[in-house]
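Notes for the one structure printed next.
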Amino acid sequence: MIEHIWSVLCLKSIVDSDTNLISLFEIIEELTIQSYTETGITPVEFEITTCWFRENAGKEKEYEYKISLITPLGKDKGGPDIQLQLKKGIQRIRSRTRFQAFPVEELGIYWFKVSLKGAKGKYREVASIPITIKEKKPT
């Protein structure tokens, strides 16, 4: 079985082609929007980077997980399903999921939920990442 190690919400990440080390840039904890008058899409590029590990790497195996966005009022906005393909001998894998915009329905705390699909097809939550959306105060 695969285990979730960490998940981070950031503006971008870069993988060094020589060392395969990853650098995460501008980790996001909150977004401040200019003015909030109605629901809409805030154009901001960001990504969720996850790291996974499995002890037994004796054979090739495919895993699936999903990322869901939960609004401050508890509405599940859904999100992408991601496939992880681990070849024989590979124990660790990182996955970077990029987004082009953020759907703002209200101000407050949103949650990105990372859920792993089990052998019986059921998902179990393995991580949750909060992000606060607030309005810029007039100066």
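Here, each number is a calculation from the coordinates, and none is a lab measurement. Everything numeric here is computed off the predicted structure, so don't read it as measured data. No Cβ is skipped: glycine too gets one built from the backbone with ideal geometry, and neighbour counts run over all protein chains shown.
Quick check on region 97-109. Is at least one of its residues farther than 21 Å from L11 by Cα and polar (S, T, N, Q)? No, there is no match, as no residue in region 97-109 is farther than 21 Å from L11 by Cα and polar (S, T, N, Q).
For region 94-111, taking the residues that are crowded, with 17+ Cβ neighbours inside 10 Å and β-branched (V, I, T), the one that is nearest to I48 (Cα to Cα) is identified as T97. Across region 54-67, a minimum of one residue is classified as assigned to a loop (DSSP other than H, G, I, E, B), more than 19 Å from V104 (Cβ to Cβ) and of a type in the set (A, V, I, L, M). Q83 fulfils the conditions (1) exposed (fewer than 12 other Cβ atoms within 10 Å of the Cβ); (2) in contact with a strand residue (DSSP E or B) (Cβ under 6 Å, 6 or more places away or on another chain); (3) more than 24 Å from K12 (Cα to Cα) except for a single criterion, (3).
Looking across I41, I28, I33, I48, one residue alone is surrounded by fewer than 11 Cβ atoms within 10 Å (Cβ to Cβ) and aliphatic (A, V, I, L, M). It is I41. Among the conditions (1) surrounded by 11 or more Cβ atoms within 10 Å (Cβ to Cβ); (2) among the β-branched types (V, I, T); (3) assigned to a loop (DSSP other than H, G, I, E, B), the only one that V114 does not satisfy is (3).
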